[in-house]
1. Among the residues of segment 218-233, write down those that are out of contact with any Lys or Arg (no Cβ under 7 Å at 6 or more places or on another chain) and surrounded by 21 or more Cβ atoms within 10 Å (Cβ to Cβ).
2. Looking for something without any contact (Cβ under 8 Å) to a residue 60 or more places away in the chain and touching a Lys or Arg at 6+ places or on another chain (Cβ under 8 Å) - is there at least one such residue anywhere in segment 395-406?
3. Do we have Phe26 as modelled with pLDDT of 95 or more and assigned by TED's automatic domain parsing to the domain that holds Cys120 here?
4. Can you find even one residue in segment 350-364 that is assigned to a strand (DSSP E or B), crowded, with 21+ Cβ neighbours inside 10 Å and touching a residue at least 40 places away in the same chain (Cβ under 8 Å)?
5. May I ask you to list the residues in segment 22-57 that are touching a Gly at 6+ places or on another chain (Cβ under 9 Å), touching a residue at least 12 places away in the same chain (Cβ under 8 Å) and either surrounded by fewer than 21 Cβ atoms within 10 Å (Cβ to Cβ) or more than 15 Å from Leu270 (Cβ to Cβ) (or both)?
6. Failed condition for Trp319, given (1) in contact with a strand residue (DSSP E or B) (Cβ under 9 Å, 6 or more places away or on another chain); (2) surrounded by 23 or more Cβ atoms within 10 Å (Cβ to Cβ), with all others met?
7. Identify the residue in segment 127-146 that is more than 14 Å from the chain's Cα centre (by Cα) and in a loop (DSSP other than H, G, I, E, B) and, among all such residues, is surrounded by the fewest Cβ atoms within 10 Å (Cβ to Cβ).
Amino acid sequence: MSSTRRIYLSPPHLSGRELELVREAFESNWVAPLGPHVDAFEQEFAAAVGVPYAAALSSGTAALHLALRILSGGTLRGAEVLCSTFTFAATANAIAYEGAVPVFIDCDLSSWNMDPGLLCEELRALAAAGKLPRAVIAVDLYGQCADYAPIVQACEEFGVPLIEDAAEALGATYWGRTRDGAPSEQNGSPAVSTSSFRPTLGRSAGSFGAAAAFSFNGNKIITTSGGGMLVSHDRSIIEKARFLATQAREPAPHYQHSEIGFNYRMSNVLAAIGRGQLTTLPRRIAARRRNFEFYRSALGSLPGVEFMPRADFGRSTCWLTCVTIDAAEFRATREDVRLALEAENIEARPVWKPMHLQPVFAGCRVKGGEVSERLFETGLCLPSGSALTEVDLERVCAVVRKVHETTARPRVAPQPMSEKRPSRAVAGRSVESGRTRSRLLAVGNERES
């Protein structure tokens, strides 16, 4: 193990303003629960995202859970909820909390987010069977919005509530496409309904669907150490979330409860940190984008190395810079690279393992799956912290280049599947569309896996 200073994947980056606000919280004795910093953080965050209502919570997972509880219109036990398979476990866990059953939708290659075509096919099939899901959760992965115009259209067509998991994408922008499929110009403001947002022109991540969840975990682009935010265009959703998040305590001089509630509210101290962090957001985004450009310039010409696409329907924050490594071309596997980085005290991680491959969700249906499986086999997240220096970035790149240059082994066949899909998931897999099959063939031809 190298004795050189460790480079982490995505560590917190404080500005100093946070300490001033935390000191104010201590001096006023507003430590917990709630307090004026919570109120101010909600207002400032809502303004930054461009959504009128926000509730500060203990985590992004709590935000997803409350959104599902509120939008379900009753019990979810045994009901199906469609969600992205290429995501962190919190997305699917929130569904399980309510006793619902996740149905996983594969990603596309243009953004690594939910494939709108597969979503539409699944909704159409479920509608024909009279078994529409109770909600759809779309994820904005690694700082990039999903393609919301067709996703919103599909959800509205079938009357299914849309929840946006924007935990990784604070500051990202989506401006959609014109009717001919070309990117739209980023100007103007579309109309807002209380059920969903029509993403025809430029808007921020978190502006879509009935509600959206954000995370302020320590690795996110801004952090409160732990925390989250639920936002919505519908005041009643946020009011209900605040009520449920404070143990569903009713306004009485004694403790009275007619519903099951949760201890999900954010403390005043953590909100103070969040307010300080929020003022740095534009600089943090700029730094993450600079990381991406540095890596692309330094590593983009290496054989077998491809970067996560930046879709032309929006602008990513590049929260994490992700690459795929074709072992046959690069002459080493993604895991070879990760281990070489770790040997030099540099943290890198595989991209998300698809939820339909997770043992805990082994019997759940999946629509598609091959795209996310291949990305998991070959994908790697590089260090992406906003405080990285050029020296740090070059240190990372030097290790990656060295792996390629010094590997003496002959060209190898493409990596085998890391593990077999559970048999019940195979039985539940939906038939792929011709469009998806063609796309997968393109993966092999263009090495975009």
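The values are calculated or read from the model by the stated rules, or taken from the named source; none is laboratory data. None of the values given here were measured: they were computed from a predicted structure. Cβ atoms come from the backbone with ideal geometry, glycine included; neighbour counts cover every protein chain shown.
1. Looking only at segment 218-233, we keep the residues that are out of contact with any Lys or Arg (no Cβ under 7 Å at 6 or more places or on another chain), and these are 218-220, 223-233.
Those that are out of contact with any Lys or Arg (no Cβ under 7 Å at 6 or more places or on another chain) and surrounded by 21 or more Cβ atoms within 10 Å (Cβ to Cβ): Lys220, Thr223, Thr224, Gly227, Gly228, Met229, Leu230, Val231, Ser232, His233.
2. Within segment 395-406, not a single residue is without any contact (Cβ under 8 Å) to a residue 60 or more places away in the chain and touching a Lys or Arg at 6+ places or on another chain (Cβ under 8 Å).
3. Details: modelled with pLDDT of 95 or more: no; assigned by TED's automatic domain parsing to the domain that holds Cys120: yes.
So Phe26 does not fit the description; no.
4. Just the residues of segment 350-364 that are assigned to a strand (DSSP E or B), to begin with: 350.
Keeping just the survivors that are crowded, with 21+ Cβ neighbours inside 10 Å gives none.
No - not one qualifying residue is present in segment 350-364.
5. Val22, Glu44, Ala48, Val49, Gly50, Val51
6. Of the numbered conditions (1) in contact with a strand residue (DSSP E or B) (Cβ under 9 Å, 6 or more places away or on another chain); (2) surrounded by 23 or more Cβ atoms within 10 Å (Cβ to Cβ), the odd one out for Trp319 is (1).
7. Within segment 127-146, the first condition is being more than 14 Å from the chain's Cα centre (by Cα), and the residues that meet it are 127-136.
From what is left, the residues that are in a loop (DSSP other than H, G, I, E, B) are 129-134.
On the way: Ala129: 8, Gly130: 6, Lys131: 10, Leu132: 15, Pro133: 23, Arg134: 21.
Step by step, filter segment 127-146, then rank; the result is Gly130.
Quick grid of which residues meet (1) in the same structural domain as His65 (by TED's automatic domain parsing); (2) modelled with pLDDT of 95 or more; (3) within 20 Å of Ala46 (Cβ to Cβ):
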residue: Phe158; (1), (2), (3): yes, yes, no
residue: Ile163; (1), (2), (3): yes, yes, yes
residue: Thr173; (1), (2), (3): yes, yes, yes
residue: Asn187; (1), (2), (3): yes, no, no
residue: Thr200; (1), (2), (3): yes, no, no
residue: Ile222; (1), (2), (3): yes, yes, yes
